[in-house]
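Asker: If you scroll down you'll find the structure; I have some questions about it.
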Amino acid sequence: TGDMVVDAARWGAARKRVAQLVDDMHREHPERLGLSLTDLRNVITKEFPFEDLFDALIASLGAEGFTRSGSVIQRASHRAQLPEPLRAAGETVRRALSAQPLEPPSRKELTPDASSQRALKFLIESGEVVEISAELVLGANAVAQATAQVKAFVAKHGPATVSELRQSLGSSRRIVVPFLEYLDRTFVTVRHGDKRALR
């Protein structure tokens, strides 16, 4: 592999072990996208001294139906989904966020127990919900719509204050202030004094 030669039996055993670890993760945690490459590296390099060959080992699994997605490895056929015990909690979170898209409950109200917290974590990781701040989450559709409204307002009227954008969005300061800070962080807007312009 590359410019290195590896004992075929040990290489095959390492590939088989990686496949087993990924499949175990999918079975035990169907809500996760896959197995963290950092966690996998820690396990596999203890069992097989393949530190220098780790990336080649992961790449070699592509032919066997595995894929690397960001910082995780997964079966290409795997679709993350909430396990049965968390589905009801996930639906409750979805309903609460869609009832008033730009006036959702606080994160504490939204996730009062461990099940709803795990369900919310899954919805954030899957991109269905966006973490605006430690206290605020919004549905991805609401974020897209509100972002488009802010862009349109500023493009038409020029740099705008929080108050002007709050009125345009029809939401409260509790939501609009962290949302505008999120838009600053994601390079949609830039703050100049008390006004926001498009970046």
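Asker: When the Kirkwood radius is taken over all Cα pairs of the chain, what Stokes-Einstein diffusion coefficient follows at 20 °C and 1.002 mPa s, in µm²/s?
Answerer: D, rounded to a whole number, is 109 µm²/s.
Asker: Now for a separate question. State, as an integer percentage, the relative contact order of the stretch 41-97 based on alpha-carbon contacts under 8 Å between residues 6 or more apart.
Answerer: 16 percent
Asker: Using R₀ = 25 Å, calculate the FRET efficiency as 1/(1 + (r/R₀)^6) where r is the Cβ-Cβ separation of Lys151 and Arg107; round to 0.05.
Answerer: Plugging the Cβ-Cβ distance into 1/(1 + (r/R0)^6) gives 0.45.
Asker: Something else now. Pairing the Cα long axis of helix 84-99 with the longest principal axis of the chain, what angle in degrees results, from 0 to 90 and rounded to the nearest 10?
Answerer: 20 degrees
Asker: Run the quick spin-label model on Ala76 and Arg10: label points 7 Å from Cα toward the beta carbon, then report their separation in nm to one decimal.
Answerer: 3.0 nm
Asker: First measure r as the distance between the Cβ atoms of Ser98 and Arg185, then evaluate 1/(1 + (r/R0)^6) with R0 = 25 Å and state the FRET efficiency to the nearest 0.05.
Answerer: So the FRET efficiency works out to roughly 0.55.
Asker: Using R₀ = 25 Å, calculate the FRET efficiency as 1/(1 + (r/R₀)^6) where r is the Cβ-Cβ separation of Glu91 and Glu131; round to 0.05.
Answerer: 0.80
Asker: Regarding the stretch 107-199, what are the three Cα extents along the principal axes, ordered largest first, in Å?
Answerer: Cα extents, longest axis first: 44, 22, 20 Å.
Asker: Picking from Phe54, Pro85, Ile73, whose Cα lies most toward the positive end of the charge dipole for the stretch 50-96 (charges on Cβ: Lys, Arg +1; Asp, Glu -1)?
Answerer: Final value for the positive-end residue is Pro85.
Asker: In whole percent, what relative contact order does the chain give with Cα contacts below 8 Å and a gap of six or more residues?
Answerer: Computed over the chain, the figure is 14 percent.
Asker: Then there's this: Using DSSP to call loops (not H, G, I, E or B), can you name the trypsin sites (Lys or Arg not before Pro) in the stretch 24-90 whose Cβ has at most 10 other Cβ atoms within 10 angstrom?
Answerer: Arg79
Asker: Along the three principal axes, how long is the stretch 1-83 when you take its alpha carbons, biggest first, rounded to the nearest angstrom?
Answerer: That works out to 42, 23, 21 Å along the principal axes.
Asker: Given a 1.4 Å probe, how much area per residue of the chain is accessible, in Å²?
Answerer: That works out to 56 Å² for each residue.
Asker: Charges only on Cβ, +1 for Lys and Arg, -1 for Asp and Glu: so what's the dipole of the chain about the Cα centre, in debye to the nearest 20?
Answerer: 700 debye
Asker: Just how many % of Cα pairs in the stretch 55-102 lie over 15 Å apart, if you round to the nearest whole percent?
Answerer: 62 percent
Asker: If I stretch the segment between Arg41 and Asp194 completely, what's the gain in nm (0.36 nm per residue apart, minus their alpha carbon distance), one decimal?
Answerer: Stretched fully, the Arg41-Asp194 segment lengthens by 50.4 nm.
Asker: Treating only the Cβ atoms of Lys and Arg (+1) and Asp and Glu (-1) as charged, compute the dipole magnitude of the stretch 1-74 about its Cα centre; round to the nearest 20 debye.
Answerer: I would put it at about 120 debye.
Asker: Can I ask one more? Among rounded, prolate and oblate, which fits the stretch 148-199 when a ≥ b ≥ c are the square roots of the eigenvalues of its C-alpha gyration tensor, a/c under 1.5 means rounded, and a/b larger than b/c means prolate?
Answerer: Rounded shape, in that the Cα axes give a/c under 1.5.
Asker: Another question, if that's okay. For Arg174 and Ala59, calculate 0.36 nm times their separation in residues minus their Cα-Cα distance, and state this gained length in nm to one decimal.
Answerer: 36.8 nm
Asker: Also, quick follow-up: So what's Rg/Rh here for the stretch 68-134, counting alpha carbon atoms and using the Kirkwood radius for Rh?
Answerer: Expressed as Rg/Rh, it is 1.01.
Asker: Shifting gears a bit: With the crude spin-label approximation of a point 7 Å out along Cα→Cβ, what separation in nm comes out for Asn141 versus Ala114?
Answerer: Using points 7 Å along Cα→Cβ, the separation is 3.2 nm.
The values are calculated or read from the model by the stated rules, or taken from the named source; none is laboratory data. Just so you know, these numbers come straight off a predicted model, no measurement behind them. Note that we place each Cβ from the backbone using ideal geometry, even for glycine, and neighbour counts take in every protein chain shown. Ligands, DNA and RNA are stripped out before the accessible areas are found, and what is left, the full protein with its side chains, is counted by its heavy atoms. Shrake-Rupley method; radii C 1.70, N 1.55, O 1.52, S 1.80 Å.
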